[in-house]
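Trainee: Sharing a structure with you now.
No lab work stands behind these numbers, since they all come straight from the coordinates. This one's a predicted model, so the numbers in the text were calculated from it and none came from an experiment. Cβ: placed from backbone, ideal geometry, glycine included. Neighbour counts: every protein chain shown.
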Amino acid sequence: MPQNEPRFDELLAGARRSAIHLELRDVYAVPDEADDYRHWLETGERDADPASDYWAPWVEMVRSATARGVSMRRVRIVSEPVSDYIRYEHAGTVVNTAAGEEVRWLPRHHTLGLLLPVVDGWVFDEEQLLANHFTGSGEWGNPAMELHTEPDLVKAYADAVEAVWEHAIPHAQYKIR
């Protein structure tokens with residue numbers, strides 16, 4: 001059974017070995033990105049300052065985790081040609097990688113043969129799965145997140161994410177189309 005009201009920051013602070021995030025959507029519409037995304041759409045300028053109000057909390061969490069020896073990885077499955085939102089994400093990934101995350105991209109047309117989850121999620125230490133739920137338009141769903149610790153479920157999700165990771169292209173090599 002899922003546990004209610006998980007806190008991402010607490011889960012990451014408790015991670016000992018690994019945290020990996022699978023992103024499956026071509027568009028997200030979450031409130032904490034709205035102003036930055038709108039600015040990018042209007043100007044083409046992306047906040048890439050790790051010390052900015054937008055990025056600093058995330059950068060601090062990542063640096064704290066990696067300093068403890070936690071491997072932080074993120075893999076994004078994207079449709080090509082990519083959406084404006086994916087262009088926006090790609091433009092900001094320099095901050096993710098500078099903070100200590102490894103990021104890879106997998107074009108959706110290269111996923112044939114992979115068994116994929118249908119929800120985004122974070123896997124912590126291959127023991128906890130934080131499932132992220134979104135509406136069709138990319139806003140947080142209800143519930144927005146569910147924490148799962150059932151060993152078979154977490155293992156199946158983690159195995160699927162590892163398969164995606166193995167097929168994905170490192171950020172420095174991925175060219176937007």
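Trainee: Could you work out the relative contact order of the chain, using alpha carbon pairs under 8 angstrom and six or more residues apart, expressed as a whole percent? Walk me through the numbers on the way to the answer.
Mentor: Numbers: 296 pairs, mean separation 54.5, N = 177.
Relative contact order here is 31 percent.
Trainee: Let me ask something else about it. Once a ≥ b ≥ c are taken as the square roots of the eigenvalues of the Cα gyration tensor of the chain, is the result rounded (a/c under 1.5), prolate (a/b larger than b/c) or oblate (a/b not larger than b/c)?
Mentor: Working: a/c = 1.39, a/b = 1.21, b/c = 1.15.
Judged from the Cα gyration tensor, the chain comes out rounded (a/c under 1.5).
Trainee: Hey, another quick one. Would you order 122, 165, 55 from fewest to most other beta-carbon atoms within 10 Å of each residue's own beta-carbon?
Mentor: 165, 55, 122
Trainee: Provide Rg and Dmax in Å for segment 78-175, with only Cα atoms included in the calculation.
Mentor: Taking only Cα atoms of segment 78-175, I get Rg and Dmax of 14.3, 37 Å.
Trainee: Another one. Got a sec? How would 20, 176 order by Cβ neighbour count within 10 Å, fewest to most? Write down the numbers at each step before the final one.
Mentor: On the way: 20 22, 176 12.
Going from least to most buried by this count: 176, 20.
Trainee: Would you work out the Kirkwood radius for segment 4-46? I mean one over the mean of 1/r across all pairs of different Cα atoms, in Å. If you can, show how the numbers build up before the last one.
Mentor: On the way: mean 1/r = 0.0752 Å⁻¹.
Kirkwood radius, segment 4-46: 13.3 Å.
Trainee: So, one more: Would you compute, from DSSP H runs of 4+ residues alone, the mean residue ellipticity of the chain at 222 nm, taking -39500 (n - 2.57) per run and dividing by the full residue count, rounded to the nearest 500?
Mentor: Values: 5 runs with 62 residues, N = 177.
Counting only the DSSP helices, I get -11000 deg cm²/dmol.
Trainee: Cut-off is 10 Å between beta-carbons; in what order do 7, 177, 63 appear when sorted fewest neighbours first?
Mentor: 177, 7, 63
Trainee: Something else now. So for the chain: antiparallel DSSP bridges make up what percent, rounded to the nearest 5? Intermediate results must be reported in sequence, preceding the final value.
Mentor: On the way: 17 of 29 bridges.
That works out to approximately 60 percent antiparallel.
Trainee: Only four residue types carry charge here, +1 at the Cβ of Lys and Arg and -1 at the Cβ of Asp and Glu. Report the dipole size of the chain about the Cα centre in Debye, rounded to the nearest 20. Spell out each step's value before the answer.
Mentor: On the way: 17 positive and 31 negative charges, 126 e Å.
With Lys and Arg at +1 and Asp and Glu at -1, about 600 debye.
Trainee: Which residues' amide hydrogens lie under 5 Å from the amide hydrogen of residue 169, considering only partners 5 or more residues apart or on another chain, with H built in the peptide plane?
Mentor: 105, 106
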